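Everything below concerns the one structure shown next.
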Amino acid sequence: MQRPFLETAIEYLKGVGPTRADLLKKELSIFTLRDLLYQYPYRYIDKTQFHKIRDLREDSGAVQVRGILRRLTTAGEGRKRRLMGTLRDDSGAIELVWFSGIHWIEKSLVVGKEYVVYGRINHFNHKLNIAHPEIEAVSLSNTKQAATFAPVYPSTEKLNTKGLDAKFRRRLIKALFEKLSITHFEENLPDYIVQKLKFPAHFDALRQIHLPKSQQELISARNRLKFEELFFLQLRLLQLKLKRQRAIKGLPFPTIGDYFNGFFKEKLPFELTGAQKRVLKEIRRDLGSGIQMNRLLQGDVGSGKTIVGLMCMLMALDNGYQACLMAPTEILAQQHYISISEYLEGMDIKVGFLSGSVKGKKRKLVLEELASGEIKIIIGTHALLEEPVQFQQLGLAITDEQHRFGVAQRAKLWKKNAKYPPHILVMTATPIPRTLAMTLYGDLDVSVIDELPPGRKEIQTIHRTENHRMRVIGFMREQIALGRQVYVVYPLIEESAKLDLQNLEEGYEALSREFPIPDYQISIVHGRMKPADKDFEMQRFVNGTTQIMVATTVIEVGVNVPNASVMVIENTERFGLSQLHQLRGRVGRGAEQSYCLLMSSFKLSNESRQRIQTMVQTNNGFEIAEADLRLRGPGNIEGTQQSGILNLRLADLAKDGKILKTAREIASRILEDDPNLQRPEHQVIAKYLSKHAKQVKAWSRIS
Ligand code: ADP
Ligand code: MG
C-alpha cells in the first residue's frame, strides 16, 4: 500500500492536529499530505550568499548583504517620521529605512557595528534602499553557510495571525519529508526522457523545490516539474487531436472545380502572397484528406485572411456543399458580406446575409434559401448558430475573430449537419503568442500568414503627450489638406461608460472648433447610438464626405477605409496592446504613408510606458502579442480563462516557451510511434494520464 500514504489527512501530520487542520483546509484547501506537497513555494529567501552592495540593482529583488552600520538618523515629523541608516561594505553603501517601530529599532542598533541585512531592493528618488529590512548583528549562525535557502508559500492573514506563519509551514514541510521516501512515488516520465533531459527524479524534484540546497538544484527541480505540467498537457491535446482524426470522418472534398478555378483565373484582383498560397495548400490538403479539418488561421491585421477564407469556401462549393462565415459583430459581418459579394461579382453564386437585424419576411426567405441550398455562401453573426437555421449541406464553417466566440458557441456548428460535421476554419483577429496558440489551440492545426501583401508602407507610430496637442492638430490639418482622412479614437470601457462618453463628446467639440464647418466635416460614432445613425455617420466617412471620424472602439475591427491615413488614439494608456494594434490596423490600407499618433498624459505607469514603447517599436502583430503576454500574463488575455491553462502551477507561458516546445515535440514523437501508449517504457505515462484523467474534462473540446 504505497499511494494511500499521501492521502493521509493533514491533521495527522506532526505539529498539525484538528484545529490547525481546519484552518489549513479553509484557508488553503489543504486537506491531505498530497495537497501540502503539491502547493509549491512561490519564492525563496536566499541567505546562502552575501551580495556586494556595489552589485545591487533596481531589480535585484530580495538580497542579503553584510556591512557596518555607519549612520542612524531620524527625519520628518508625525506620520512622515522615519529612521534611516547607512550600511557600508567594502564595495559601497546602501540606505536602510524604517517607517514604523522606529523607537525600538533605533535603540536596538549600534552605529559602528557589523550587521547582516536581508530585504527587498527598492528604487526611490534615484537611489536604492531597503525598507524594513531584517537586520541582525553578525554572528556565527548567520554567516556560516547553513542551509538557509528558505521557501515562502502563499498564505493568508488569518493563518499568520493564528501562528500558522511561514516558519510553521516550513516546519510542516520538513516533517513531511522526514516521513516521505521515494517509495511513496511513482515516476511519471519514462527513464529515457529523464536521462535525456538530465532531470532529477520526480521525488527528488519535489524535495528540491521545497527545500533546495542551492540555486542550481532549485532550477533543475523547477524545470522538471514545469516540463511535467506542459508535457502532460500537450500529450492530452495531441491525443484529442488524434482521437478526433480517427473517430470523426470529414466530408471529402476531392475536387477543385469551376468555382475555385474560375475565381482564381478571372476574378482574383491581385497575386496571392507566398504565405497565402502556402496556407491554401495546407487547407487544401486537409479538405482532401477525408478527415475533418480543425484549423486555426493566424495572420496579422491586413495580412489577407478574408481572401483565403473565401477561396476555401469556393472549394466547398466545388464539391457540392455550402459554406458559412461568421463574424462577432454586425458591422464586421456586413463588411465581409460586402467585400465577398464584390469579389464574387459576375459569378453565379448566391451569397446570403443573416444577423439579428434581419427580420420578418427577409429572414424567412434567407432561411428557406439556405435550407434549399440556393444560398451557397452565408455570412453573418452568431445568429447563424441558432436552432431554426438549417443548411442543405454545410461543408465548411469559418469563424472570424476567434476570441469573441465562446467554446459552446462553436460546438453548435458541429451539429448543423446530420452525419458529418463541417470542416472548421478559425481565423484570429490578433496574432496569439506561439506558446499560447500551442496550448489554447493545441489540438488544432495551425496555419500562419506571416507576410503582408506587397507595397504596404510601414505605419509610422509616434507617441505624443498632452502638451504637444497643437502640433498634432497642425499635423492633422496638413494630412487633410493632402486629401487624407483621420480617425480620432477614444476609449470606452463599460464601467466608466458615462464619463467616457463625456470625454468623447468634449473631444468632438474641441475638434469642431479646430476644424470648423464648412471647411471641415466630422463624423461621430459610438456604441450608444442607434444603428441607423451609426451607419449614416460611418457611411459619410467611408464616402469621403467627412474628413475626421471621432469614435470609440466600435471601429476596432473590420472597418476598411483605405483613404484614412491617420489614426489618433486618445488616452492611449487605457488601451490594451492588442487593442492598440487592432486600431492601428485601420490605417495603412491604402498606398499613402500612414501614421498612428498615441496620445497620453505625461505621467505614465511603467506598464503603460512599456506598452506604448512596444507600439512605437514594432508593427509586427506577433511581436506585440508576445509583449502583451509578458506584460499581462496569460490570465488577462482573452480566451485563456476557459482553457485550463491557467491551472498551470509552475509553468509560465510567457517565459517557458523553450520547455513547452520540447514538451510538445517529445509528446508528439511518442504518440507518433506509440499512439496508444502500449510500449513498456510508456506505461508510466499511461498510468499517470489515466489517474489524472478527471482534470481535463473541462477543456476537452475546444472547437
Ligand atoms: P485581414 O487578414 O486583416 O482580415 P483582409 O483580408 O481584410 O485582412 O485584407 C486586407 C486588405 O488586403 C484587403 O483590402 C485585401 O483586398 C488586400 N489583400 C489581401 N491579399 C492581398 C494580396 N495578396 N495582394 C494585395 N492585396 C491583398
Ligand atoms: Mg479580417
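Brief remarks on what is shown
- Residues in region 113-145 reached by a label modelled at ALA166 [backbone nitrogen below 12 Å; 7 Å Cα→Cβ]: 118-120, 133-135
- Heavy atoms of VAL138: accessible area, 1.4 Å probe, square angstrom to 10: 50
- The slack between THR143 and ARG285, meaning 0.36 nm per residue of separation minus the straight C-alpha distance, is 44.5 nm.
- DSSP beta bridges in the chain [antiparallel fraction, %, rounded to 5]: 40
- Over 32 Å between alpha carbons, listed pairs LYS265/LYS361; LYS127/LYS661; LYS26/LYS661; LYS362/LYS416: LYS265/LYS361; LYS127/LYS661; LYS26/LYS661
- Nitroxide proxy distance, nm - points 7 Å out along Cα→Cβ at ALA131 and LYS213: 3.8
- Residues PHE99 and GLN613, FRET efficiency given R0 of 30 Å [Cβ-Cβ distance, rounded to 0.05]: 0.35
- Amide H within-cut-off set for ALA564, under 5 Å, with H built and near neighbours excluded: GLN485
- Under a 5 Å amide H cut-off, with hydrogens placed 1.01 Å from N, VAL550 pairs with VAL488, SER523, ILE524, VAL525 among residues at least 5 apart or on other chains.
- Bins of 5 Å, starting at 0 and running to the largest distance - Cα pair percent for region 49-146: 3, 13, 26, 25, 18, 11, 3, 1, 0
- Value at 222 nm in deg cm²/dmol, rounded to 500, when DSSP H runs of n ≥ 4 in the chain each add -39,500 (n - 2.57): -12000 deg cm²/dmol
- Pairs exceeding 24 Å between alpha-carbon atoms, taken from LYS198/LYS655; LYS179/LYS213; LYS305/LYS658; LYS47/LYS107; LYS243/LYS691; LYS167/LYS198: LYS305/LYS658; LYS47/LYS107; LYS167/LYS198.
- Evaluated at q = 0.05, 0.07, 0.11, 0.12 Å⁻¹: base-10 log I(q)/I(0), Debye formula over Cα of the chain: -0.35, -0.66, -1.24, -1.32
- Cα→Cβ-extended label distance, 7 Å offset, between ASN606 and THR73, nm: 2.9
- Residue range of the chain that is longest and free of chymotrypsin sites (Phe, Trp or Tyr not before Pro) which are both DSSP loop and sparsely packed (at most 14 other C-beta within 10 Å): 271-601
- HN-Hα J in Hz across region 46-57 - Karplus 6.51, -1.76, 1.60, θ = phi - 60°, x for Gly and Pro: 8, 10, 7, 9, 9, 8, 7, 4, 4, 7, 6, 10
- In order along region 196-205, phi translates into HN-Hα couplings of 4, 8, 6, 8, x, 4, 3, 5, 4, 4 Hz, rounded to whole numbers, per the Karplus curve 6.51 cos²θ - 1.76 cosθ + 1.60 with θ = phi - 60° and x for Gly and Pro.
- Restricting the trypsin sites (Lys or Arg not before Pro) of region 1-96 to loop positions (DSSP other than H, G, I, E, B) with no more than 15 neighbouring Cβ atoms within 10 Å leaves LYS14, LYS52, ARG57, ARG81.
- Loop-located GluC sites (Glu not before Pro) across region 320-392 with a Cβ neighbour count of 14 or fewer within 10 Å are GLU345, GLU374, GLU386, with loop assigned by DSSP.
- Packing rank of 452-461, 302-311, where each peptide gets the mean count of other beta carbons within 10 Å, highest leading: 302-311, 452-461
- One equal scatterer on each Cα of region 566-624, no solvent, Debye formula: the resulting log10 I(q)/I(0) at q = 0.21, 0.29, 0.30 Å⁻¹ is -0.79, -1.36, -1.43.
- Computed from backbone phi with θ = phi - 60° and the Karplus coefficients 6.51, -1.76 and 1.60, the 3J(HN,Hα) list for region 605-613 is 6, 4, 5, 4, 4, 5, 4, 5, 4 Hz; x is used for glycine and proline.
- List ARG120, ARG236, ordered by accessible area with a 1.4 Å probe, largest first: ARG120, ARG236
- For the set MET599, MET529, solvent exposure ranked by accessible area (probe 1.4 Å, protein chains only) runs largest to smallest as MET529, MET599.
- In plain terms, the chain from ARG632 to ARG679 could stretch by 12.8 nm, reckoned as 0.36 nm per residue minus the Cα-Cα distance.
- Surface analysis of the chain yields an accessible area of 49 Å² per residue, using protein heavy atoms and a 1.4 Å probe.
The values are calculated or read from the model by the stated rules, or taken from the named source; none is laboratory data. Here the structure is a predicted model, which is why all the values come from computation and not from measurement. Backbone-built Cβ (ideal geometry, glycine too); neighbour counts: all protein chains shown. Keep in mind that these areas ignore ligands, DNA and RNA; they rest on the heavy atoms of the full protein, side chains included. Shrake-Rupley method; radii C 1.70, N 1.55, O 1.52, S 1.80 Å.
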